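To start, the structure under review is shown below, and the notes come after it.
Read-outs: derived from the displayed coordinates by stated rules, not from any lab. Here the structure is a predicted model, which means the values were calculated and not measured. Because the Cβ atoms are built from the backbone with ideal geometry, glycine has one as well, and the counts that use them run over all protein chains shown.
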Amino acid sequence: MPLEKHLEKLLPLVQKPARYLGGEWNAVKKDHNAVEVRMAFAFPDIYEVGMSNLGLKIIYEIINGFPEMLLERVFAPAADMEKLMREHSLPLFALESLRPLREFDFVGFTLQYELSYSNVLNMLDLAGIPLYSEERGAGVPLIIGGGPCAFNPEPLAPFFDLFLIGDGEEGLPEILQHWLALSRKGASKEEVLASLAAIEGVYVPGFYRPRYSPGGSFLGMEPYHPAAPGSIRKRVLRDLDRSCHPLAPVVPHVAAVHDRGVIELFRGCSHGCRFCQAGKIYRPVRQRSPETLQKIAREILRNTGYDELSLSSLSSCDYPGIAQLLEELNREHQADKVRFTLPSLRLDSFSVGVAEQFHQGRRGSLTFAPEAATERLRRVIGKDISEDDLFTAIGAAVAAGWSAFKLYFMIGLPTETEDDVTAIISLCRELRRRIRSDQGRWINLTVSAATFVPKAHTPFQWEPQLPMEEVEHRQGLLRQAARRQKGLKLSWSDPGSSFLEAVFARGDRRLAPLLERAQQGGCRFDGWSEHFSLQRWLDLFAAMKIDPGEYAYRRFDEIEPLPWDHLKSGVSKKSLLWEYHRSQEDNHSLEVQR
Amino acid sequence: MNRIRFRFSCGKEVRYLSHLDLLRLLQRAMRRAGLPLAYSRGFSPRIRLSLAAPLPVGVTASKEYGEVFLVEPLTPASFRRRLSAQLPKGLLLTGVVVIPAGVPPLASVVNAALYTARWKSSRPAPAASLLQKALDKLLAQPAIMIRRFGKSGKMSKQDIRPYIYSAALLPSSGGEGLQLRLLLQVGSQGGLSPSRFLEQLALAGDYSGGERAWRIHREGLYIYQENLLDPFPEGGEVTDG
């Protein structure tokens, strides 16, 4: 195979060549000629990041479970590899078969993060696949998108043939089976898309036209194809407990960012944090039973050999009986020295019971997300925890042996004042002092201050983002307050990349040509600070005569149509608006109290 | 405590794994195999697995060695059967032996590695005579100083001549092309990677084509005192493949 020969020459020249070779344990290599549907799952970031993604593991096992289908992986090549691939005209290929993406029937991108959009286009370009859907005819793979950003995919709309909004477990196989039946009949691309548009959760962007006012305001999305439904309801997997959980995930050769097994306790979140998109789009809460989870854990550990298993969900401590589950798991796998870990925790449900179940994971730090440092601001954003919750949770963890904690906060939240920002540091100081006086130990805190990004389908979707200069100013206040504070480390996000994230999170189709130019202009890996250049993007906006502030900094009018109104997350615009108003009332009543 | 020494080969499928990648891969394979593994004590217990000498990235190998401690005795045949079933394509277990207590760990005694390097670049290889001259010139030097980055990141100069036990040009046989055979020091007393050697050779011969022009294969690891000793003890219970 010529591609393989080429690779043999190029791989010795790049960093971590094993990223591009596949062949890992549990990788599924099927004969392309023995199946009827060939799909490449494209993750628009490097191998180590993509291999940590739970969605990939789920889809990989489900699709490869069908004898007539295959699904292979492809990741964004790092800069050094891309350069060589372009120099040698090597097309982007999938890891299992080393076949070019062009030879697949589907290429499916998972859209996890707005700043990966330039990578999506770059991967298409590297694959030699025309960027625009309308330029792709027969014999070119259908490009499909999914993941959280598919809930407002408009900036990417013209590049995709279809999106699957919501859970992929049942929707994706249905799409592929449908396609197979149609392609056997020799259906045209339009016939295929028209038929797929009837599947629940499928959005065919080419069947809709946005309307704008002469002044440039978005007036709404208009279906113009007879097969296009007026709105698209997200796909919901009803029974998570009985659905497929990956049991034999690929064990990466190059250490992944999260190099461990993962079991998904439940999907969805019952809390109503008003900034949180995941909390809305993954609704309703669906759980797996403890018995199912123990079986899954057993299987994964046996099939992978991992010594660490993460109990994942949006808020794992909310799992009913989490302490008991941990206890059972610890008991069963103690002899094999398996460590169980929880991702970011909620302060109000973290208990002594849970803390005591981590006998082995104690070396690391625990992560909590108070998000805001004052009672008022937490009320405004709907984060229903109190200061006492924070002291109690950390106190329990310290008593159980931890001494290092990571705390997530946000800067630029609606109604935030400078006092709210500096309160982050006074809260941390108070926390350290309390623990010291109660338990005689100083703890170490790492404070991470992200910038608030208004997201579609949340009660804050109408809110403007705080201007970059002001974000920088508040970050400065935070740094100043944290100066000479012992046991406190501070990190913050780059205001420029949060700004760009906000632009695309609330963007519309008019941003698509800009993305195309960005790809041509060399934008890649915008989520990586070493690759991101705000100036390059600002120049692009200027050249295309687009005001990015219209998307990021404007308070959207409550009555104006939004670019994602036709995509239904299950939470109505009306109830989002009600929540939005309530946050304002909460603020008002709290201010009156003061 | 039961100690098992095993021998394995690394094919092209796994040649780009780093030493740590390979260690992790073997540990996971051993856990999947359900071997009665012994763990280190402490907060983060680790499998007591060690490899004789790190294999440079990009290099394939015929005879690599590792050692692992078990809490229960296991016959070499059973160890081999169970672990083999869990190894990915490219890794092949070729021998297993039980090591009596008191034998020093492999990594502390293995000090020599035998490599062959074949010209693979599409550029024409330097003439055999030129290469021979370069070899003679290089080996005749009493000291070969190279720059090296130390652990602290500081650059230092180092003489690598003592790490070259032997280096020879093999007579080309039936379409095999140019081949070098290198016996280089490895291990805790210092060592030299084959790519570093090939770099120096290219400098000495003033031809272009350093390490990347060659395909390197590690034939074996040895304990080199007066003779080359195989790390598999004689009389041990060996299952060979």
Which residues among region A:422-466 fall inside the zone where the amide N is under 20 Å from a point 7 Å beyond the Cα of A:His588, along Cα→Cβ? A:459-464
Averaged over residues of B:77-89, the number of beta carbons from other chains lying within 10 Å of each residue's Cβ is 1
Taking B:Glu211, B:Glu199 and counting other beta carbon atoms within 10 angstrom, the fewest-first order is B:Glu199, B:Glu211
Mind listing P(r) for region A:404-452? All alpha-carbon pairs, 10 Å bins, whole percents. 25, 47, 23, 6
How big is the gap, in Å, between the Cα center of region B:91-138 and the Cα center of region A:515-530? 44
Quick calc, B:Leu229 & B:Thr75: beta-carbon distance into FRET formula, R0 30 Å, rounding 0.05, result 0.75
Once the piece of chain linking B:Leu170 and B:Leu203 is laid out straight, how much longer is it, given 0.36 nm per residue of separation minus the C-alpha distance between them? 9.9 nm
Computed over region A:10-158, Cα set: Rg, Dmax in Å: 14.5, 40
Sorted peptide list for A:286-298, A:59-71, criterion being average Cβ within 10 angstrom, highest first: A:59-71, A:286-298
For each of A:Thr415, A:Thr458, count neighbouring Cβ atoms within 10 Å of the residue's Cβ, then give the residues from fewest to most. A:Thr415, A:Thr458
List the trypsin sites (Lys or Arg not before Pro) within region A:169-217 that fall in a DSSP loop (any state other than H, G, I, E or B) and whose Cβ has at most 15 other Cβ atoms within 10 Å. A:Lys185
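I want the local charge near A:Arg433. Using Cβ-Cβ distances under 14 Å, sum +1 for each Lys or Arg and -1 for each Asp or Glu among the other residues.
Values: positive: A:Arg429, A:Arg432, A:Arg434, A:Arg436, A:Arg441, A:Lys486; negative: A:Glu387, A:Glu430, A:Asp438.
Charge balance in the 14 Å sphere: +3.
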For n ≥ 4 DSSP H runs only, could you compute -39500 (n - 2.57) per run for the protein assembly as shown, divide by its residues and tell me the 222 nm figure to the nearest 500? -9500 deg cm²/dmol
For chain A, the helices passing both cut-offs (Cα extent along own axis of 27 Å or more, Kyte-Doolittle mean at least 1.0, full DSSP H runs) are none
Starting from 0 in steps of 10 Å, tell me what percent of the Cα-Cα pairs of region A:238-343 lands in each bin. 14, 45, 32, 9, 0
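Looking at region A:505-594, which GluC sites (Glu not before Pro) are in a loop (DSSP not H, G, I, E or B) and have at most 15 other Cβ atoms within 10 Å?
A:Glu530, A:Glu558
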Cα-based Rg / Dmax (Å) for chain A: 24.2, 75
Among all cysteines in chain A, which have no other cysteine Cβ under 4.7 Å from their own Cβ? A:Cys149, A:Cys244, A:Cys269, A:Cys317, A:Cys428, A:Cys523
Which residues make up the longest stretch of chain B that has no trypsin sites (Lys or Arg not before Pro) in a DSSP loop with at most 10 other Cβ atoms within 10 Å? B:42-150
If the reach is capped at under 25 angstrom between alpha carbons, list the lysines near A:Lys5, excluding any in the same chain fewer than eight residues apart. A:Lys16, A:Lys29, A:Lys30, A:Lys83, B:Lys12, B:Lys89, B:Lys120
All other residues with a Cβ under 14 Å from the Cβ of A:Leu413 taken together, and with Lys, Arg as +1 and Asp, Glu as -1, what is their net charge? -2
Rounded to the nearest 20 debye, what is the charge dipole size of chain A about its Cα centre when +1 sits on each Lys and Arg Cβ and -1 on each Asp and Glu Cβ? 900
Just to confirm the number: angle between the C-alpha axis of helix B:19-32 and the first principal axis of chain B, 0 to 90 degrees, nearest 10? 20
Among the trypsin sites (Lys or Arg not before Pro) in region A:446-534, which ones are in a DSSP loop with at most 12 other Cβ atoms within 10 Å of the Cβ? Mind listing them? A:Arg483, A:Arg484, A:Lys486
Excluding A:Ala227 itself, calculate the net charge of residues whose Cβ lies under 10 Å from the Cβ of A:Ala227, where each Lys or Arg counts +1 and each Asp or Glu counts -1. -2
Between region A:391-457 and region A:230-246, the Cα center-to-center distance that results, in Å: 35
Put a dot 7 Å past each Cα toward the Cβ at A:Glu299 and B:Leu92; how far apart are the dots in nm? 3.4
Taking N as its residue count, the alpha carbon Rg of region A:445-594 over 2.2 N^0.38 Å: 1.22
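Seen from all sides and averaged, what is the projected area of the convex hull of the Cα atoms in region B:112-224, in nm²?
7.6
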If only Cα atoms are counted, what is the Rg of region A:80-210, and what is its Dmax, in Å? 14.7, 43
